[in-house]
Amino acid sequence: MERRLRFFASEIEREKLPIPADYNVPAAPNPKDLIDLEATLEQLEGETRQINANQEALLRNFYELKELKHVLNSASVFFQVGAAIQQKRKKYRLRLCVDTTA
């Protein structure tokens, strides 16, 4: 149980969660309540670890998608510039054709 309590203390510190100044340390629970408390802490620890893993996966996906968006925006600009250059070449060729026939 001490390991689980240290785990939660480290999670609280990592997330920089404020602890109220008027927080009173409760009295030690009855020995039979410790079993329930330990089961609850085990469940919460599992959920917290799963949430942390999901958060890391979401952040990794977010940064990958952000990078892909940047690549797509760059590619879009590249193709727009290419299309504009191609339009100018077509106009230039048409002008040359018109000038030589006149």
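The values are calculated or read from the model by the stated rules, or taken from the named source; none is laboratory data. Model, not experiment: these values are computed from the prediction. Note: ideal-geometry Cβ built from the backbone for every residue, glycine included; neighbour counts use all protein chains shown. Areas reflect the complete protein model, heavy atoms only, side chains present, ligands, DNA and RNA absent. Shrake-Rupley method; radii C 1.70, N 1.55, O 1.52, S 1.80 Å.
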In the chain, carbon and sulfur make up what percent of the accessible area (probe 1.4 Å)?
61
Can you list, bin by bin at 5 Å, the percent of alpha carbon pairs in the chain, starting at 0?
2, 9, 9, 11, 10, 8, 6, 5, 5, 5, 5, 4, 4, 4, 3, 3, 3, 2, 1, 1, 0, 0
Any idea what angle helix 31-101 forms with the longest principal axis of the chain, computed on alpha-carbon atoms, 0 to 90 degrees, nearest 10?
10
Given unit charges at Cβ for Lys, Arg (+) and Asp, Glu (-), the dipole magnitude of the chain about its Cα centre in debye, nearest 20, is 1680
Accessible surface, the chain, averaged per residue in Å² (probe 1.4 Å)
94
Report, in deg cm²/dmol and to the nearest 500, the calculated mean residue ellipticity at 222 nm for the chain, where each DSSP H run with n ≥ 4 adds -39500 (n - 2.57) and the sum is divided by the residue count.
-30500 deg cm²/dmol
